[in-house]
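The values are calculated or read from the model by the stated rules, or taken from the named source; none is laboratory data. Bear in mind that the values here come from a model prediction, so they are computed numbers and not experimental data. Cβ coordinates were reconstructed from backbone atoms using ideal geometry, including for glycine residues, and neighbour counts include every protein chain displayed. Note: areas computed on protein heavy atoms with side chains; ligands, DNA, RNA excluded. Shrake-Rupley method; radii C 1.70, N 1.55, O 1.52, S 1.80 Å.
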Amino acid sequence: MGLFGAPEVAALSFDWQNNRVCGVRLQARKRGSFAVVKYASGEHSDWVQAANCVLKDLSVNSSVYLLLCMNLDHSDVFECKLPEASADTMRGALQFEAPRFMMSVPEKFALQYVTSGSTDEEGLVPVRCALFPEESVHKLCDQLIALRKKPDAVINPLLTLPGELESNAAVQLDGFEKDFCWQKGIWQLAASCKECNQKLDELIAEHCTGKLMEQEDRGIYRTALTGALFGISKLFVSNSVLSGVTILPGRMRPARFRTQLRIMALLTVALLGITIFRYAGGFIEKYSSYRKLTAQVTYTKSKVQSLRKKVKAGEKELKELQRTADLKIGSRDCVGVLGYMSEKLPDNVMVHNFRWNEGTVDMSMTSASLDLDLVDFFNRLPGFTVNSANPRTHQNAISANVKLTVFDPEEELAKARRKAREKSKRNNKGKK
């Protein structure tokens, strides 16, 4: 059985009276059925040698679970009801319950248990427990050293009975005295038991298929089949069940999938590392490119803003130069006009505001002489024409806002002379 293949379980049973070891190899199939892949038996005074021969015939390898259905020395079995709990709690509770069901309890003992049914109305679950001295476990460990394969578990055959089996059904398994049978949780005389193993054989035939089920001597494999069914359906499926059954130390059990799990963990970590490194490298590269592009965009934006400012400043400067170039000042500039007006204006006139713009002058003036007519004064002043005037009379002074047009009298006289000559020429042509 591989990591993802169909599970297989090999179970061995031991008949101490006949020095016989029987084994079956069971494989899970679809819809809850199980097939007997191989079966074998061997007889030898040394059960370890007989077990090695059976394991060889069954072709049991490291991928197959191995279960030993064995009744240890001085072991005893009892049934009780306990609240369902963890494996450690159940073991502790069974240690206190054991003296109630057994006449004598060894000073140092080990136990294994399975739940043989469902929880009742009071919250109690039926438990079947096997108890034996620790010396029996130590003796078994010494004998298992010579076994060709380490077992996954060692279990008392009575603990492998199906939960569907009725409590009043009589059962007789290998490893126990043939004069007794197990019924209703206690040992009964075989002579008083009717239809012994009949119910158990029916359950086995219901779940198992294969050539063994057609053999007449299949009864000798009854204990091995019961153990294999229990192992493949419950024991090696649930960790809680396996924890309640385990009595062997870790050194005596196979590593099972520990190595594979470690390799898988290392491969998973390596895969995660490679994936993280791959995506992290791509992310770092993309983030570096993003930072470079962001820096370039920021630099470009700053350059664009700087150029826009320079362009705006240049446009303003160009407009100012264009306006200055378009000015038509004439023969008199601003300073000359200001000097000329200062010379002509009376002494009692004070100019508050003087604005020059392309041959026009805006002035605000105040005079303490109430008789002074500023508008008539500028109309009589050569070189100026009054465009608009706003004189105001106050209690002790007069004020006026005057807008004037400045021109050169000589140029105006020259223009008048040219017009007069052109007019006289036209008149002379008309007389001729």
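Data for the structure
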quantity: The stretch 170-182: number of residues that are open to solvent by 10 Å² or more (accessible area, probe 1.4 Å) and not in a strand (DSSP E or B); calculated: 7
quantity: Lone qualifier among ALA10, ALA28 - being modelled with pLDDT under 90 and under 19 Å from THR160 (Cα atoms); calculated: ALA28
quantity: Only listed residue being open to solvent by 20 Å² or more (accessible area, probe 1.4 Å) and closer than 15 Å to PRO126 by Cβ, chosen from LEU189, LEU159, LEU165; calculated: LEU165
quantity: Failed item, numbered, when LEU66 is tested on (1) open to solvent by 80 Å² or more (accessible area, probe 1.4 Å); (2) more than 26 Å from GLU166 (Cα to Cα); calculated: (1)
quantity: Subset tally (residues that are under 30 Å from HIS207 (Cα atoms) and surrounded by fewer than 16 Cβ atoms within 10 Å (Cβ to Cβ)) for the stretch 233-254; calculated: 6
quantity: Tally of residues being closer than 16 Å to GLY185 by Cα and open to solvent by less than 60 Å² (accessible area, probe 1.4 Å) across the stretch 95-111; calculated: 3
quantity: Hits in the stretch 130-161 (condition: of a type in the set (A, V, I, L, M, F, W, C) and not in a helix (DSSP H, G or I)); calculated: ALA130, LEU131, PHE132, ILE145, ALA146, LEU147, ALA153, VAL154, ILE155, LEU161
quantity: Among residues of the stretch 352-375, those that are in a strand (DSSP E or B) and charged (D, E, K, R), counted; calculated: 2
quantity: Residue in the stretch 396-409 that is open to solvent by 50 Å² or more (accessible area, probe 1.4 Å), modelled with pLDDT of 75 or more and outside any strand (DSSP E or B) present; calculated: yes
quantity: Hey, ALA270 touching a residue at least 60 places away in the same chain (Cβ under 8 Å), open to solvent by less than 60 Å² (accessible area, probe 1.4 Å) and small (Gly, Ala, Ser) or not; calculated: no
quantity: Those strands (runs of 3 or more DSSP E) lying entirely in the stretch 9-70 with at least 3 residues of a type outside the set (Phe, Trp, Tyr) and without any contact (Cβ under 8 Å) to a residue 60 or more places away in the chain; calculated: 34-43
